[in-house]
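Asks: This is the structure I have questions about; it appears just below.
The values are calculated or read from the model by the stated rules, or taken from the named source; none is laboratory data. Note that the coordinates shown come from a computational prediction; the quantities given were computed from them, not determined experimentally. Keep in mind that these areas ignore ligands, DNA and RNA; they rest on the heavy atoms of the full protein, side chains included. Shrake-Rupley method; radii C 1.70, N 1.55, O 1.52, S 1.80 Å.
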Amino acid sequence: MLLPAEKELRAVLARFADARFRHDLQPTGHSSRELEDTSYTLCVMTGTQTVDEALVAADALLERMTADRRAGTTKATQTLAA
């Protein structure tokens, strides 16, 4: 599976949260389609079947990306210090 770019994953999560909020607040045909579209995109990006699985997978991916970025910063700092 190809990993999504962090920026793109965060953007889709934000779109999903916004669509979910607006649909829960005042459901319309448009809000329903938007929520369905962002849910599908999130599932495709994370390689999952359900929104709940996609949200868990997205959190795990973002955690890993953050840890990888910190590890890279630490290694670069250690190299420069040597």
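Asks: Hey, in the GNM for the chain with a 10 angstrom Cα cutoff, which one of T41, T28, T50 fluctuates hardest?
Replies: Looking only at T41, T28, T50, the biggest GNM fluctuation is shown by T28.
Asks: Additional query: Out of every Cα pair in the chain, what percent are spaced more than 20 Å from each other?
Replies: The proportion of pairs with Cα distances above 20 Å equals 43 percent.
Asks: Another one. Can you check what the Kirkwood hydrodynamic radius comes to for region 1-49, Cα pairs only, in Å to one decimal?
Replies: This gives a value of 11.1 Å.
Asks: Would you check the accessible area of V44, probe 1.4 Å, heavy atoms only, in square angstrom rounded to 10?
Replies: Its heavy atoms expose roughly 90 Å² to the probe.
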